[in-house]
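Encoded as structure tokens, the structure appears first; notes follow it.
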Amino acid sequence: MRKENLNVNANVLIVDDDENVLYGLVRSLNEQPYKILTAKSGDEAMWILKTREVDVIVADERMPGISGCDLLAWAAENMPNTVRIMLTGNVSASIAIRAINEGRVYHFFTKPCDNVQLAITIRKAIEYRNLVAENDRLLSLNKQQFEKLHQFSKKLGLLARVVAKDLHLPLEKLTHSCATLTNQYGDFFEPKARVLLENALEAVSEVQNLVNKLLDEARLNIQNELPSESPAVQSDMEAVTQDTYVSEWGA
């Protein structure tokens with residue numbers, strides 16, 4: 001096995017009440033790059049799991065006090081990121097069902113187990129745990145980025161609403177002035193001046209359309225956001241866009 005493929009910072013906990021079996025397993029795994037922790041009972045194993053970060057636990061089923069099944073079930077409930085492997089001298093249907101349903105074990109081994117296969121399985125268990133941890137990290141990062149994009153979208157929508165509202169009054173004044181010039185003094189303008197005025201009116205009309213599109217988008221965003229906002233925030237958001245549509249000049 002290539003040591004560089006394993007996390008050298010990983011901790012593997014071996015649990016067995018039989019000292020000869022326990023230290024035999026430790027000797028067989030002594031060349032592995034991860035650190036090996038040992039416990040001679042379920043209680044001792046629980047204490048280690050509570051005080052140390054353990055990547056993989058390998059537990060014997062038959063132990064006085066807390067059994068291997070109970071220990072792995074507790075680990076699955078309280079330390080779900082720790083990969084669980086069971087050793088047993090007698091794989092009965094009831095033990096297998098409990099280990100799968102409650103302990104959610106990664107692998108079974110019957111005693112005496114093949115030390116090479118155990119080492120390979122522990123290596124795969126560490127790799128599996130690392131993959132799960134990396135997947136969780138990426139999911140968390142994706143969630144954070146989505147939340148940032150969501151907040152950015154809300155701020156952008158608010159900015160569009162504020163800009164549109166701030167443009168409303170100046171556009172109304174400009175529209176009224178252009179309409180007054182055209183209706184009351186249009187006959188006094190030279191042809192070039194009339195062309196300039198028409199161009200100005202056309203530009204104003206285009207800006208009006210853009211502002212109204214901004215408000216349409218803002219209202220659509222508000223409709224999407226309102227279900228998740230408090231009533232007070234809903235009222236504030238609605239007030240920003242109420243009665244701010246710009247009418248066509250001369251209307």
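The values are calculated or read from the model by the stated rules, or taken from the named source; none is laboratory data. None of the values given here were measured: they were computed from a predicted structure. Please note: Cβ atoms are built from the backbone with ideal geometry, for glycine as well, and neighbour counts cover all protein chains shown.
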Problem set entry | Lone unmet requirement of (1) at pLDDT below 75; (2) of a type in the set (A, V, I, L, M, F, W, C); (3) surrounded by 14 or more Cβ atoms within 10 Å (Cβ to Cβ) for A239 | (3)
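Which residue is modelled with the highest pLDDT, if the candidates are limited to segment 186-236 and must be of a type in the set (S, T, Y) and either assigned to a helix (DSSP H, G or I) or not assigned by TED's automatic domain parsing to the domain that holds E172 (or both)? I'd like the intermediate steps shown before the answer.
Step one: list which residues in segment 186-236 are of a type in the set (S, T, Y), which gives 205, 228, 230, 235.
With the extra rule that they be either assigned to a helix (DSSP H, G or I) or not assigned by TED's automatic domain parsing to the domain that holds E172 (or both), the set shrinks to 205, 228, 235.
Details: S205: 77, S228: 51, S235: 53.
Once the filter is applied, the top-ranked residue is S205.
So is V58 in contact (Cβ under 8 Å) with a residue 12 or more places away in the chain, buried (at least 17 other Cβ atoms within 10 Å of the Cβ), closer than 18 Å to C113 by Cβ and among the aliphatic types (A, V, I, L, M) or not? Explain how you work it out, then say what you get.
On the way: in contact (Cβ under 8 Å) with a residue 12 or more places away in the chain: yes; buried (at least 17 other Cβ atoms within 10 Å of the Cβ): yes; closer than 18 Å to C113 by Cβ: yes; among the aliphatic types (A, V, I, L, M): yes.
Here the answer is yes, as V58 does meet what is asked.
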Exercise. Which one is nearest to the chain's Cα centre (by Cα) among residues in segment 8-31 that are surrounded by 15 or more Cβ atoms within 10 Å (Cβ to Cβ) and in a loop (DSSP other than H, G, I, E, B)?
Worked result: A10
Exercise. Are there any helices (runs of 4 or more DSSP H) wholly within segment 32-111 with 2 or more residues that are among the acidic types (D, E) and either in the same structural domain as D18 (by TED's automatic domain parsing) or at pLDDT 90 or above (or both), and if so which?
Worked result: 42-51, 68-78
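For segment 146-185, which positions are among the charged types (D, E, K, R), farther than 19 Å from N209 by Cβ and at pLDDT below 75? Explain how you work it out, then say what you get.
Within segment 146-185, the first condition is being among the charged types (D, E, K, R), and the residues that meet it are 147-148, 154-155, 161, 165-166, 172-173.
Now restrict to residues that are farther than 19 Å from N209 by Cβ: 147-148, 154-155.
Scanning segment 146-185 gives K154, K155.
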